Amino acid sequence: MAWSWRLEKADGRAAGMSEETFSTQADAESWLGENWRGLRADEVDKVVLLDGETLVYEMSLQDPE
């Protein structure tokens, strides 16, 4: 399967998808590690890791309160 990130606003509205897909979970997570600041600057609040159509996990990009 192809790994990808779904990008979301705080209220769960879709904000797009990662521009690329990845062959491994590690590659997807490395991409996020390199790009999370830019995503936050683009007002993405949460990312969802997908393995094909299967949700793997969700992660907030906001600072913990």
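The values are calculated or read from the model by the stated rules, or taken from the named source; none is laboratory data. Because the structure is a prediction, the values reported are computed rather than measured. Counting neighbours? That spans all protein chains shown, and the Cβs are built from the backbone with ideal geometry, glycine included. What goes into the accessible areas is simple: the full protein's heavy atoms, side chains included, and nothing from ligands, DNA or RNA. Shrake-Rupley method; radii C 1.70, N 1.55, O 1.52, S 1.80 Å.
Taking region 41-62, which residues are open to solvent by 80 Å² or more (accessible area, probe 1.4 Å) and closer than 11 Å to Leu7 by Cα? Those that are open to solvent by 80 Å² or more (accessible area, probe 1.4 Å) and closer than 11 Å to Leu7 by Cα: Asp42, Glu43, Glu58.
If the condition is being aliphatic (A, V, I, L, M), part of a helix (DSSP H, G or I), over 9 Å from the mean Cα position of the chain (by Cα) and farther than 20 Å from Asp11 by Cβ, then region 23-58 contributes only Ala26. Applying the criterion of being open to solvent by 50 Å² or more (accessible area, probe 1.4 Å) and in contact (Cβ under 8 Å) with a residue 12 or more places away in the chain to the residues of region 9-19, the residue that is nearest to the chain's Cα centre (by Cα) is Met17.
So the check is Cβ under 6 Å with 6+ separation or different chains; which pairs have a first residue in region 49-65 that's touching a residue at least 40 places away in the same chain (Cβ under 8 Å) and closer than 18 Å to Glu20 by Cβ and a second one that's open to solvent by 90 Å² or more (accessible area, probe 1.4 Å) and of a type outside the set (Ser, Thr, Tyr)? Filtered contacts from region 49-65: Asp51/Met1; Gly52/Met1.
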